[in-house]
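Below: the structure, in structure tokens.
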There are 2 protein chains.
Amino acid sequence: MTPPTRPRYPSPGMARIAVVGAGAVGSYYGARLQRAGHDVRFLVRRDLAAVQARGLDIRSVDGDFTLPPGGVHAVATPAGLGQPDWLICALKTTALGSARSLLGPAVGSQTRVVALMNGLNVEEQLARWFGPERVFGAMAFVCINRGEPGVVHHLRYGRLSIGHACDDPDEAARLHDLLAGAGLDVVTSPNLRYARWEKLCWNVPFNGLSVAAGGVGTESILADPPLRALAERAMREVVLAGNADLAARGSSARLPGDETVARLFALTETMGDYATSMALDYLHGRPLEVEAILGEPVRAAAALGVTVPTMDALYALVRAAGLRIRGDLTTIEPAG
Amino acid sequence: MTPPTRPRYPSPGMARIAVVGAGAVGSYYGARLQRAGHDVRFLVRRDLAAVQARGLDIRSVDGDFTLPPGGVHAVATPAGLGQPDWLICALKTTALGSARSLLGPAVGSQTRVVALMNGLNVEEQLARWFGPERVFGAMAFVCINRGEPGVVHHLRYGRLSIGHACDDPDEAARLHDLLAGAGLDVVTSPNLRYARWEKLCWNVPFNGLSVAAGGVGTESILADPPLRALAERAMREVVLAGNADLAARGSSARLPGDETVARLFALTETMGDYATSMALDYLHGRPLEVEAILGEPVRAAAALGVTVPTMDALYALVRAAGLRIRGDLTTIEPAG
């Protein structure tokens, strides 16, 4: 597979961008890029009519704004995306299996693909399909969720942590410039795998526990000593697994355990009773991103011989919650 | 505190027995003792009118039988129990705090108290109130639950594992004779603490997971590889904690890990999709026996310096389920 050609923006500073996956994250960052002057198309399925009728309404802690009706280039099929400079995949990881058919038609010779998704081994999958040279990862540290169709509630934060699948600094700088140029808070990681594990340090305990404890917010976890202790143990296991993974890949980067725990718990304290995306999916009966956020890290740890009992427990229990949602695990019908 | 005096049965072979706690277990074993000719009184609160009107209907794998209306000596207050030879406490451990006031009036000089309950540190509590010499433990290995008021469904098994709080073999033999004389399957443990941990080897994983996985039966746990693996890890942690506890108490008894896992999983395979008592409590929104079955073992392990991460996780998550039931932990109200 060949590297992507240089970007050929239609006019200086203006990129052609396509966003696949119009959840809260994809809609928000796509709208920010459009507001910054880029040519953005959105692949929208469920909410297409609503988005065409009312545009995109971004209610953001950083300032509300609207892409008006008629001002959102929303398309129903991948063919409508063209072959952009940047193809941002903001699908849920549960839809990763269908990503090839959704993204493939839009990948031209100059197209770069950004996995704006949670979890581990996401770029690796895209790289198998499209070649690692054109693949990037982006992790959004953002408290955000969707309201009614066409409305996004951006509650807090918004930093993007990005990297290139081959850790090519010139390529990473291209994505950095695009995002920073749109006024977004962006940090480039010299090591995308490190950045993935760093994000998992939050997602594993807080997404995992928010579902395993029955659909609760971050404040409930922090306020309950046994749940809080469980969150910390899970986080420390992610650090151990991540560091073993980095070492096995020849990287000298290491996640600092105590500092990570202190920083992420302090951060979470500021979030209010934040509903993780996984808790919202759980409470709405939607598929859970359990394999990308818990299954892949647990399997990575097992392959490396790292013992991660708390992660194992969260994986089994959140997976069971997902099976219940799908009707593949039935609860008891009490007789009495 | 003085030891209990010798039993003074009203006629040879006939004991005066009182059962406090008329759940499935208390009702079943009390009815079996009455059927064997003993004078049994039942302290019944919620279902008193129903039991007086229709008696006790035992639908048992070992043969159905009925204590007819008028043939059940059911009383509403402890004062009605008299001071029996044997006072069987079959309360849920969540009611252990109220046990002193319920049992106390019925404890005469010759009364022996049997804790027919799950969990750890149950006899220890009764012994603080009534003296260890008169306190016994009994664990029921039985698949049983309550139907409509006055009806008990005894599905499978029924063995009682018993011991004396001071491990006095003569005392243990007295209880053994009472129960075996009623045709019950009874095994006397020379070491009650060992017997408690042995029972926890099943209760911790299967009661715990049946709730943590959302209210599922044993078959669902066994059929799902990650849940099954979690059950085994929890069981092995109980073995470790139990053996450390026994060692710390100067006992040479040890739970055999591999044999326990093999035996209890084989046993559980024969249970069908059994609903644990804790799963039924969870699905009915009743208090969960989380402290006796999970909290006390976890605290014992912590005090002994034994690492039990799977038990820790089950404790925190089942406790959270109990808090949700009580309304002390609220789930998210999804906005979208």
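The values are calculated or read from the model by the stated rules, or taken from the named source; none is laboratory data. Being a predicted model, the structure only gives us computed values, none of them experimental. Every residue, glycine among them, receives a Cβ derived from its backbone with ideal geometry; neighbour counts consider all protein chains shown. We work out accessible area using only protein heavy atoms, side chains counted, and drop any ligands, DNA or RNA first. Shrake-Rupley method; radii C 1.70, N 1.55, O 1.52, S 1.80 Å.
Being β-branched (Val, Ile, Thr) and more than 7 Å from every other protein chain (Cβ to nearest Cβ) is the filter here; which residues of segment A:301-329 pass it?
A:Val306, A:Thr307, A:Val308, A:Val318, A:Ile325, listed by residue number.
Among all residue pairs at least 6 apart or on different chains, which show Cβ distances below 7 Å where the first residue, located in segment B:101-129, is open to solvent by 20 Å² or more (accessible area, probe 1.4 Å) and the second is of a type in the set (S, T, N, Q)?
Close Cβ pairs (under 7 Å, with a partner that is of a type in the set (S, T, N, Q)) amount to B:Val107/B:Gln83; B:Ser109/B:Thr5; B:Asn118/B:Thr93; B:Asn118/B:Asn203.
I'm trying to understand the selection: among the residues of segment A:188-246, which are hydroxyl-bearing (Ser, Thr, Tyr) and open to solvent by 10 Å² or more (accessible area, probe 1.4 Å)?
The answer is A:Thr188, A:Ser189, A:Tyr194, A:Ser220.
Of the residues that make up segment A:69-88, is at least one in contact with a strand residue (DSSP E or B) (Cβ under 8 Å, 6 or more places away or on another chain) and closer than 30 Å to A:Val318 by Cα?
Checked segment A:69-88: at least one residue is in contact with a strand residue (DSSP E or B) (Cβ under 8 Å, 6 or more places away or on another chain) and closer than 30 Å to A:Val318 by Cα.
Could you give every pair whose Cβ atoms fall below 8 Å, whose first residue belongs to segment B:294-305 and is in contact (Cβ under 8 Å) with a residue 40 or more places away in the chain, and whose second residue is open to solvent by 60 Å² or more (accessible area, probe 1.4 Å) and of a type in the set (A, V, I, L, M, F, W, C), counting only separations of at least 6 or pairs across chains?
Hits for this filter: B:Ala301/B:Leu240; B:Leu304/B:Ala248.
Are any of the residues in segment A:211-225 more than 14 Å from chain B (Cβ to nearest Cβ), more than 30 Å from A:Arg16 (Cβ to Cβ) and at pLDDT 95 or above?
So far as segment A:211-225 goes, no, none of its residues is more than 14 Å from chain B (Cβ to nearest Cβ), more than 30 Å from A:Arg16 (Cβ to Cβ) and at pLDDT 95 or above.
What number goes with the only condition from (1) over 24 Å from B:Cys143 (Cβ atoms); (2) assigned by TED's automatic domain parsing to the domain that holds B:Gly183; (3) open to solvent by 60 Å² or more (accessible area, probe 1.4 Å) that B:Asp39 does not pass?
(3)
Go through segment B:281-291 and give me each residue that's closer than 19 Å to B:Gly97 by Cβ and either of a type in the set (D, E, K, R) or facing chain A (nearest Cβ under 10 Å) (or both). Explain how you work it out, then say what you get.
At the first step, the residues of segment B:281-291 found to be closer than 19 Å to B:Gly97 by Cβ are B:281, B:286-291.
Those that are closer than 19 Å to B:Gly97 by Cβ and either of a type in the set (D, E, K, R) or facing chain A (nearest Cβ under 10 Å) (or both): B:Asp281, B:Arg286, B:Glu289, B:Glu291.
Please state which one of A:Asp185, A:Asp177 is open to solvent by 40 Å² or more (accessible area, probe 1.4 Å), more than 14 Å from chain B (Cβ to nearest Cβ), at pLDDT 95 or above and under 27 Å from A:Arg100 (Cα atoms).
That would be A:Asp177, the only listed residue that is open to solvent by 40 Å² or more (accessible area, probe 1.4 Å), more than 14 Å from chain B (Cβ to nearest Cβ), at pLDDT 95 or above and under 27 Å from A:Arg100 (Cα atoms).
Out of (1) over 19 Å from A:Ala212 (Cα atoms); (2) of a type in the set (A, V, I, L, M); (3) touching a residue at least 40 places away in the same chain (Cβ under 8 Å), the odd one out for A:Leu222 is which?
That leaves (1) as the condition not met.
When you scan segment B:259-276, do you find a residue that is modelled with pLDDT of 95 or more, under 15 Å from B:Asn118 (Cβ atoms) and in contact with an Asp or Glu (Cβ under 7 Å, 6 or more places away or on another chain), even just one?
No, segment B:259-276 contains no residue that is modelled with pLDDT of 95 or more, under 15 Å from B:Asn118 (Cβ atoms) and in contact with an Asp or Glu (Cβ under 7 Å, 6 or more places away or on another chain).
Would you confirm, using the coordinates I've provided, whether B:Gly147 is within 14 Å of chain A (Cβ to nearest Cβ), crowded, with 19+ Cβ neighbours inside 10 Å and over 24 Å from B:Leu255 (Cβ atoms)? First the steps, then the outcome.
Values: within 14 Å of chain A (Cβ to nearest Cβ): yes; crowded, with 19+ Cβ neighbours inside 10 Å: no; over 24 Å from B:Leu255 (Cβ atoms): yes.
When the stated conditions are applied, B:Gly147 does not pass them.
Evaluate the following for A:Thr268: is it within 27 Å of B:Asp328 (Cβ to Cβ), away from chain B (no Cβ under 14 Å) and either open to solvent by 60 Å² or more (accessible area, probe 1.4 Å) or not basic (Lys, Arg) (or both)? Break it down into steps so the answer makes sense when it comes.
Numbers: within 27 Å of B:Asp328 (Cβ to Cβ): yes; away from chain B (no Cβ under 14 Å): yes; either open to solvent by 60 Å² or more (accessible area, probe 1.4 Å) or not basic (Lys, Arg) (or both): yes.
Yes: the conditions hold for A:Thr268.
Condition first: open to solvent by 10 Å² or more (accessible area, probe 1.4 Å), assigned to a loop (DSSP other than H, G, I, E, B) and under 12 Å from A:Ala18 (Cβ atoms). Now tell me which residues in segment A:78-98 satisfy that.
Selection gives A:Gly82, A:Gln83, A:Ala90.
Does B:Leu314 satisfy the criteria of being among the aliphatic types (A, V, I, L, M) and under 24 Å from A:Leu227 (Cα atoms)? Outline the logic, then answer.
Numbers: among the aliphatic types (A, V, I, L, M): yes; under 24 Å from A:Leu227 (Cα atoms): yes.
Taking the combined requirement at face value, the residue satisfies it.
Return the residues of segment A:292-329 that are open to solvent by 60 Å² or more (accessible area, probe 1.4 Å) and touching a helix residue (DSSP H, G or I) at 6+ places or on another chain (Cβ under 7 Å); say none if nothing qualifies.
A:Leu304
Here's a check for you: in segment A:131-144, which residue that is open to solvent by less than 10 Å² (accessible area, probe 1.4 Å) and more than 14 Å from A:Leu120 (Cα to Cα) is nearest to the other protein chains (Cβ to nearest Cβ)? Break it down stepwise before answering.
Keep residues of segment A:131-144 that are open to solvent by less than 10 Å² (accessible area, probe 1.4 Å), which gives A:131, A:135-139, A:143.
After this cut, where a residue has to be more than 14 Å from A:Leu120 (Cα to Cα) as well, the list is A:131, A:135, A:143.
Values: A:Gly131: 34, A:Val135: 30, A:Cys143: 12 Å.
Here the answer is A:Cys143.
Let me confirm something: among A:Ala253, A:Ala262, which residue is open to solvent by 10 Å² or more (accessible area, probe 1.4 Å), among the hydrophobic types (A, V, I, L, M, F, W, C), away from chain B (no Cβ under 11 Å) and out of contact with any Leu (no Cβ under 9 Å at 6 or more places or on another chain)?
Just one listed residue meets the conditions, A:Ala262.
Of a type in the set (A, V, I, L, M, F, W, C) and within 12 Å of chain A (Cβ to nearest Cβ): is that true of B:Met278 in this structure?
yes
Could you run through segment B:244-266 and say how many residues are part of a helix (DSSP H, G or I) and in contact (Cβ under 8 Å) with a residue 24 or more places away in the chain?
The qualifying residues number 8.
Can you confirm whether segment B:65-84 contains a residue that is touching a residue at least 40 places away in the same chain (Cβ under 8 Å), farther than 23 Å from B:Glu133 by Cα and polar (S, T, N, Q)?
No.
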